[in-house]
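The values are calculated or read from the model by the stated rules, or taken from the named source; none is laboratory data. Keep in mind that this is a model prediction, so the values were computed, not measured. A quick note on method: Cβ atoms are made from the backbone with ideal geometry, for glycine too, and the neighbour counts reach across all protein chains shown.
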Amino acid sequence: MIEDRLLEQGCQELKNLIENARQNQREDGLKNALAAFYLKKSETATNNSVEFFHKSFGEFLCAKRMVENLEDLTEKTERRGQVNYFVSDKELERQVYDLFGYGLLTVEVAGYLMALLVKSEVKLEVLFKRLHKFYLDWCDGKFIDEMEEALSKKVRQLWKWGIESGQLQVDIYTGLNVMILLFELHSYGQSQEELREQLHFYPCGQPDSENFDNTRLLRMMGYSQCLVGGAFVKIVGIFLNCANLSDADLSGANLSDADLRGWYL
């Protein structure tokens, strides 16, 4: 049925692939042909890797893998008021770099990611809490030295797949991508009365709280400039709608291309 529908759409190349696959292995012909239809051999990587012909399919699988890993970060046990996560803080830090250190988290992947998270059984408030702690530590520069092994491992992995990067780039992309996910969780939380407070993201911290730093976001904007001029707006700007920047010091920041709808200053 799938085959007929695809062939009716005039996919002659797919028809040839199916016929060739049947000659090689009749029983798995359609499966092999569909794999060839969706995948192609990478032209840049040094090993036998593949790339996706259809970008949205690859983005969906990327988001699905992220959700599976993020769900693990929320698993916990509670005994006598003591919370113990199955994934320790140290292991979480390593996994977050592995998940988000590859480069830009696109709007499409972020959209799939949030849709899958909402549909899943992931405790969003727990995920938010753990990622928020990571975000604060990242802003304080905790990981660029302490996580050198995880950073260098990610760099080697990216080079293996033909992606030029360095430890600084991995650190910046990881932090910005975590920030994007926190903004997305915040945006979703504002539409859910029971989660509105639990998923409320203040990039500079809640005013009058212990972790409030009115220059935090401005400093991270400056740090991201190490990638390219205007990197923060190019990467995070579209996710800033509904952001709560209460009492944030944004003096001198160029946000002309950012999505400022629903901002609270």
Handout entry: Verdict on Asp98 being farther than 28 Å from Glu59 by Cβ and either in the same structural domain as Ala231 (by the TED database) or modelled with pLDDT of 90 or more (or both)
Key = no
Practice task
Kindly indicate whether any position in region 34-55 is under 19 Å from the mean Cα position of the chain (by Cα), at pLDDT below 75, closer than 20 Å to Phe239 by Cβ and in a helix (DSSP H, G or I).
Solution key: yes
Completion exercise
In region 118-128, anything surrounded by fewer than 14 Cβ atoms within 10 Å (Cβ to Cβ) and either part of a helix (DSSP H, G or I) or free of Cβ contacts under 8 Å to residues at least 40 places away in the same chain (or both) is listed as Val118, Lys119
Practice task
Please work out which one of (1) touching a strand residue (DSSP E or B) at 6+ places or on another chain (Cβ under 9 Å); (2) closer than 16 Å to Phe183 by Cβ; (3) β-branched (Val, Ile, Thr) is the condition Thr77 fails and give its number.
Solution key: (2)
Practice task
Take Glu164 and decide whether it is touching a residue at least 12 places away in the same chain (Cβ under 8 Å) and not hydrophobic (A, V, I, L, M, F, W, C).
Solution key: no
Completion exercise
Residue set Ala63, Ala110, Ala150, Ala115; condition in the same structural domain as Leu227 (by the TED database), of a type in the set (Gly, Ala, Ser) and either touching a residue at least 60 places away in the same chain (Cβ under 8 Å) or outside any helix (DSSP H, G or I) (or both); output residue Ala110
